[in-house]
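Single-structure report; data block below.
The values are calculated or read from the model by the stated rules, or taken from the named source; none is laboratory data. Nothing here was measured: the structure is a model prediction, and the numbers come from that model. Glycine gets a Cβ as well: all are built from the backbone with ideal geometry, and neighbour counts include every protein chain shown.
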(Lines give C-alpha, C1' and ligand atoms only; values in the text may rest on other atoms or scores of the structure.)
Protein backbone atom coordinates (compact mmCIF):
# COMPACT_ATOMS: atom_id res chain seq x y z
CA UNK A 1 0.00 0.00 0.00
CA UNK A 2 1.08 3.59 -0.56
CA UNK A 3 0.85 5.99 2.39
CA UNK A 4 -2.34 8.03 1.78
CA UNK A 5 -0.68 11.19 3.14
CA UNK A 6 -0.25 13.22 -0.05
CA UNK A 7 3.03 14.72 1.24
CA UNK A 8 4.57 11.30 1.96
CA UNK A 9 3.36 8.66 -0.52
CA UNK A 10 5.97 5.99 0.39
CA UNK A 11 5.21 2.28 0.20
CA UNK A 12 4.22 0.69 3.52
CA UNK A 13 2.96 -2.74 4.57
CA UNK A 14 -0.70 -3.42 3.76
CA UNK A 15 -1.62 -4.02 7.42
CA UNK A 16 0.08 -0.85 8.72
CA UNK A 17 -1.93 1.32 11.08
CA UNK A 18 0.60 4.16 10.89
CA UNK A 19 3.12 5.19 8.22
CA UNK A 20 6.67 4.23 9.21
CA UNK A 21 8.04 7.34 7.47
CA UNK A 22 5.69 10.25 8.29
CA UNK A 23 3.86 8.76 11.31
CA UNK A 24 0.38 9.50 9.89
CA UNK A 25 -2.38 7.25 11.16
CA UNK A 26 -3.89 5.24 8.30
CA UNK A 27 -7.68 5.63 8.39
CA UNK A 28 -10.24 3.57 6.48
CA UNK A 29 -13.64 4.32 4.98
CA UNK A 30 -16.19 1.88 6.49
CA UNK A 31 -18.28 2.15 3.32
CA UNK A 32 -15.79 1.63 0.46
CA UNK A 33 -12.62 0.51 2.33
CA UNK A 34 -10.62 3.41 0.83
CA UNK A 35 -7.60 4.53 2.88
CA UNK A 36 -6.97 8.13 3.91
CA UNK A 37 -5.48 10.44 6.51
CA UNK A 38 -8.12 13.21 6.63
CA UNK A 39 -11.55 13.23 8.27
CA UNK A 40 -13.57 12.14 5.24
CA UNK A 41 -13.20 9.65 2.37
CA UNK A 42 -12.01 11.21 -0.90
CA UNK A 43 -14.29 8.85 -2.88
CA UNK A 44 -17.67 8.99 -1.14
CA UNK A 45 -17.37 11.58 1.66
CA UNK A 46 -17.99 9.06 4.48
CA UNK A 47 -16.24 9.83 7.80
CA UNK A 48 -13.01 7.81 8.02
CA UNK A 49 -12.40 5.49 10.98
CA UNK A 50 -9.23 4.38 12.74
CA UNK A 51 -7.97 0.99 11.55
CA UNK A 52 -7.00 0.30 15.18
CA UNK A 53 -10.62 0.62 16.34
CA UNK A 54 -11.95 -1.41 13.41
CA UNK A 55 -9.39 -4.18 14.04
CA UNK A 56 -10.15 -4.24 17.79
CA UNK A 57 -13.90 -4.41 17.18
CA UNK A 58 -13.50 -7.14 14.57
CA UNK A 59 -11.13 -9.14 16.78
CA UNK A 60 -13.10 -8.80 20.02
CA UNK A 61 -15.74 -11.50 19.38
CA UNK A 62 -13.17 -13.88 17.89
CA UNK A 63 -10.72 -13.43 20.79
CA UNK A 64 -13.37 -13.57 23.49
CA UNK A 65 -12.54 -10.07 24.73
CA UNK A 66 -15.31 -8.37 26.68
CA UNK A 67 -16.90 -5.34 25.09
CA UNK A 68 -15.26 -2.15 26.30
CA UNK A 69 -12.21 -0.09 25.65
CA UNK A 70 -9.23 -1.24 23.63
CA UNK A 71 -7.08 -0.96 26.78
CA UNK A 72 -9.29 -3.52 28.52
CA UNK A 73 -8.79 -5.87 25.58
CA UNK A 74 -5.00 -5.38 25.80
CA UNK A 75 -4.97 -6.03 29.56
CA UNK A 76 -7.08 -9.16 29.09
CA UNK A 77 -4.72 -10.40 26.37
CA UNK A 78 -1.68 -9.88 28.60
CA UNK A 79 -3.36 -11.67 31.52
CA UNK A 80 -4.41 -14.53 29.23
CA UNK A 81 -0.84 -14.87 27.95
CA UNK A 82 0.53 -14.93 31.50
CA UNK A 83 -1.97 -17.64 32.52
CA UNK A 84 -0.96 -19.74 29.50
CA UNK A 85 2.70 -19.28 30.44
CA UNK A 86 2.06 -20.32 34.07
CA UNK A 87 2.45 -16.86 35.60
CA UNK A 88 4.95 -14.09 35.05
CA UNK A 89 7.95 -16.14 36.26
CA UNK A 90 10.20 -13.59 37.92
CA UNK A 91 13.67 -13.36 36.39
CA UNK A 92 16.48 -11.94 38.45
CA UNK A 93 18.39 -9.97 35.83
CA UNK A 94 21.22 -9.24 38.26
CA UNK A 95 21.98 -12.84 39.17
CA UNK A 96 22.92 -14.12 35.71
CA UNK A 97 20.58 -17.05 36.15
CA UNK A 98 16.83 -17.25 35.95
CA UNK A 99 13.88 -18.23 33.84
CA UNK A 100 13.52 -18.02 30.08
CA UNK A 101 11.28 -14.94 30.26
CA UNK A 102 11.62 -11.33 31.39
CA UNK A 103 8.79 -8.87 32.04
CA UNK A 104 8.76 -5.35 30.63
CA UNK A 105 6.36 -2.98 32.36
CA UNK A 106 5.13 -0.03 30.31
CA UNK A 107 4.76 3.35 32.03
CA UNK A 108 1.00 3.02 31.40
CA UNK A 109 0.81 -0.33 33.24
CA UNK A 110 0.90 -2.77 30.30
CA UNK A 111 3.04 -5.82 31.10
CA UNK A 112 4.81 -7.77 28.36
CA UNK A 113 6.22 -11.20 29.13
CA UNK A 114 9.21 -11.51 26.81
CA UNK A 115 10.80 -14.72 25.56
CA UNK A 116 14.20 -15.15 23.93
CA UNK A 117 14.38 -13.50 20.48
CA UNK A 118 11.02 -11.73 20.90
CA UNK A 119 10.68 -8.79 18.53
CA UNK A 120 9.03 -5.65 19.86
CA UNK A 121 7.23 -3.56 17.25
CA UNK A 122 3.92 -2.30 15.90
CA UNK A 123 3.65 -4.86 13.13
CA UNK A 124 5.78 -7.89 13.94
CA UNK A 125 6.52 -10.08 16.91
CA UNK A 126 4.48 -11.76 19.62
CA UNK A 127 3.43 -8.42 21.13
CA UNK A 128 2.43 -6.54 17.95
CA UNK A 129 -1.23 -6.52 19.00
CA UNK A 130 -0.41 -4.80 22.30
CA UNK A 131 2.11 -2.38 20.72
CA UNK A 132 0.18 -1.63 17.53
CA UNK A 133 -1.26 1.60 18.92
CA UNK A 134 2.12 3.20 19.63
CA UNK A 135 2.47 5.20 16.44
CA UNK A 136 6.16 6.10 16.77
CA UNK A 137 7.33 2.48 17.20
CA UNK A 138 8.74 0.93 14.06
CA UNK A 139 7.18 -2.20 12.60
CA UNK A 140 10.21 -4.14 13.90
CA UNK A 141 11.70 -1.87 16.56
CA UNK A 142 13.89 -3.94 18.89
CA UNK A 143 14.69 -7.51 19.90
CA UNK A 144 15.38 -9.05 23.33
CA UNK A 145 17.88 -11.87 23.41
CA UNK A 146 18.87 -14.29 26.20
CA UNK A 147 22.50 -15.50 26.16
CA UNK A 148 24.06 -17.54 28.94
CA UNK A 149 21.55 -16.27 31.52
CA UNK A 150 21.94 -12.59 30.56
CA UNK A 151 19.33 -10.57 28.68
CA UNK A 152 20.33 -8.19 25.89
CA UNK A 153 18.40 -5.62 23.86
CA UNK A 154 19.15 -4.85 20.22
CA UNK A 155 17.66 -1.97 18.23
CA UNK A 156 16.68 -3.26 14.78
CA UNK A 157 17.37 -0.02 12.92
CA UNK A 158 14.21 1.69 14.16
CA UNK A 159 13.22 5.08 12.79
CA UNK A 160 12.71 6.72 16.22
CA UNK A 161 15.54 4.94 18.07
CA UNK A 162 15.77 2.97 21.30
CA UNK A 163 17.41 4.00 24.58
CA UNK A 164 18.67 2.07 27.58
CA UNK A 165 18.81 4.22 30.74
CA UNK A 166 18.91 7.35 28.57
CA UNK A 167 21.67 6.11 26.22
CA UNK A 168 20.74 5.88 22.54
CA UNK A 169 21.36 2.35 21.25
CA UNK A 170 23.38 1.81 18.10
CA UNK A 171 21.37 -0.28 15.62
CA UNK A 172 22.14 -4.03 15.53
CA UNK A 173 24.38 -3.86 18.63
CA UNK A 174 23.46 -5.88 21.75
CA UNK A 175 23.32 -4.13 25.14
CA UNK A 176 22.96 -6.02 28.46
CA UNK A 177 19.74 -5.36 30.38
CA UNK A 178 19.55 -5.48 34.19
CA UNK A 179 16.61 -5.48 36.58
CA UNK A 180 15.25 -1.95 36.96
CA UNK A 181 16.72 -0.68 33.67
CA UNK A 182 14.61 1.85 31.75
CA UNK A 183 14.05 1.02 28.10
CA UNK A 184 12.69 3.65 25.72
CA UNK A 185 11.29 2.41 22.42
CA UNK A 186 10.67 5.64 20.49
CA UNK A 187 8.50 7.62 22.94
CA UNK A 188 7.34 4.61 25.01
CA UNK A 189 9.02 3.82 28.36
CA UNK A 190 9.34 0.34 29.85
CA UNK A 191 11.07 -1.00 32.97
CA UNK A 192 12.74 -4.42 33.08
CA UNK A 193 11.51 -6.61 35.97
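Worth a mention:
- Considering segment 176-187, and only residues there that are surrounded by fewer than 19 Cβ atoms within 10 Å (Cβ to Cβ) and at negative phi, the residue that is nearest to the chain's Cα centre (by Cα) turns out to be 187.
- Yes/no for residue 23 being assigned by TED's automatic domain parsing to the domain that holds residue 130 and either assigned to a loop (DSSP other than H, G, I, E, B) or modelled with pLDDT of 50 or more (or both): no
- Yes/no for residue 28 being at pLDDT 80 or above and either within 30 Å of residue 149 (Cα to Cα) or within 17 Å of the chain's Cα centre (by Cα) (or both): no
- Any hit, segment 77-97, residues being more than 12 Å from the chain's Cα centre (by Cα), closer than 29 Å to residue 12 by Cα, modelled with pLDDT under 95 and not in a loop (DSSP other than H, G, I, E, B): yes
- Index of the failed condition, residue 149 passing every other in (1) without any contact (Cβ under 8 Å) to a residue 60 or more places away in the chain; (2) out of contact with any strand residue (DSSP E or B) (no Cβ under 9 Å at 6 or more places or on another chain); (3) within 28 Å of residue 24 (Cβ to Cβ): (3)
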